[in-house]
1. Mind listing the Cα extents of segment 168-286 along all three principal axes, in Å, largest one first?
2. Once you have all Cα-Cα distances for the chain, histogram them in 10 Å bins from zero and send the whole-percent values.
3. Taking one equal scatterer on every alpha-carbon of segment 217-316, how large is log10 of I(q)/I(0) by Debye at q = 0.24 1/Å?
4. According to a simple spin-label model (label point 7 Å from Cα along Cα-to-Cβ), what is the distance in nm between E60 and E341?
5. To test your reading of the geometry: what angle, between 0 and 90 degrees and rounded to tens, separates the Cα axis of helix 180-190 from the longest principal axis of the chain?
6. Which FRET efficiency, nearest 0.05, do R331 and F294 yield, Cβ-Cβ r, R0 45 Å?
7. Can you give me the long-range amide H partners of F78? Hydrogens built in the peptide plane at 1.01 Å from N, cutoff under 5 Å, separation of 5 or more residues or another chain.
8. Which of the residue pairs K153/K254; K189/K226; K147/K257; K193/K217; K169/K254 have a Cα-Cα distance greater than 20 Å in the structure shown?
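Bear in mind these aren't lab numbers, they're just calculated from the coordinates by the rules spelled out. A quick note: this is a predicted structure, and the numbers were derived from the prediction, not measured. Glycine also receives a Cβ, built like all others from the backbone with ideal geometry; neighbour counts cover every protein chain displayed.
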Amino acid sequence: MKILAIESSCDETAAAVVENGRRVLSSVISSQADLHARTGGVVPEVAARQHLPAIIPVIEQALKEAAITLADVDAVAFSECPGLTGSLLVGAITAQFISEVENKPLIPVHHVAGHLYSVYLESEEELTFPRLILTVSGGHNELVLLKDHFDLKIIGASLDDSAGEAFDKGARLLGLGYPGGPALESAAKKGRKNPLFSLPRPMLNDPGLNMSFAGLKTALLYKLQKLEKTEISANLEDLAHEYQAAIVDVLSSKLRKAVEIYPHVREIHLVGGVSANQTLRQKLSAWAEEKNLFLRFPINLKYCTDNAAMIGAAAFFQWRKWPERYLSNRRITVKPTADLEQYYQLFF
Ligand code: KG4
Ligand code: ZN
């Protein structure tokens, strides 16, 4: 089954053709990163407008690379929520229109479910249930217990900023540019642990699985305010190293705690933009090996950050679980919630 998938929830206009949830026939992304670098972050109004000229060429390119036409597509999927409203609407309206005109089923997908299914892309492995998924990016930061397809429970989440936001804001304070995650990671790689710049690990000793990252950014701000400009620039890499270490420590400690609370889970996934971070991957890999856990990330780094292929993967498994729901569906209905757990509980 070939699904044409569209993703436009934030600042990436993306389209992909995915076969049977795993085989990526094409995955095209038009990024607005350069545009938002000028403002140091995404301006929602600017992002929404920018999707308009990009969406049709991106879809055409995805079809071309997959060497198919719309007639060969079995269904159209799109990222329905959460995200920036104006941005989401561009993808939603385009998908609905193609579905209507071409008489193809329409499959709305929760954006975070797309991340949860990104591990299937290009993979031939049998993935097992239950699995614990740490999904961390700019827009979300959750620990998900996936008992079966779309049968899930959010067992922990950030109470304020996501880890991706923390990377972006920290990079901005350090003058490292946008997007912050990759910039901060590459500075941190050159830095060393320096006790002079130690930062807190928020909620590390809290017994629950919730997290918090807003205080870390403030702690960095206060630290920088106490330093001379020359001291900051001379120690930029050590500062980035410590800041990244604090985020990685919190994320890995919460995942470890989750496995202690749910010891029957043997399969762990790390997904979302922050799962591209090598320090986090290495730390979790060492722990998983020691504990005999199956740890998986998206096979290709390009499936960590926002892309449409992951929407095509989730859509396929939604189709397989609820075929009768999608067979005749070519219209979007308004959903009262963008909460991941409720999204799949309420409507199916
Ligand atoms: O999944 P994604 O593309 O968008 C959302 O759904 O939010 O994630 C983007 C986030 C940004 O905050 C970015 O700084 C972060 O992922 N990110 C990283 C890395 N690459 C992207 N964070 C840490 N290390 C990276 N290598
Ligand atoms: Zn995302």
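1. Extents along the principal axes, in whole Å: 52, 26, 22.
2. P(r) over the chain, rounded to whole percents: 6, 26, 32, 24, 10, 2, 0.
3. Those come out to -1.22, one per q.
4. With each label placed 7 Å out from Cα toward Cβ, I get 4.5 nm.
5. It works out to around 40 degrees.
6. Values: r = 40 Å, r/R0 = 0.88.
With a Förster radius of 45 Å, E is 0.70.
7. I6, I107, V109
8. On the way: K153/K254 16 Å; K189/K226 24 Å; K147/K257 18 Å; K193/K217 18 Å; K169/K254 22 Å.
Violating the 20 Å Cα-Cα cut-off are K189/K226; K169/K254.
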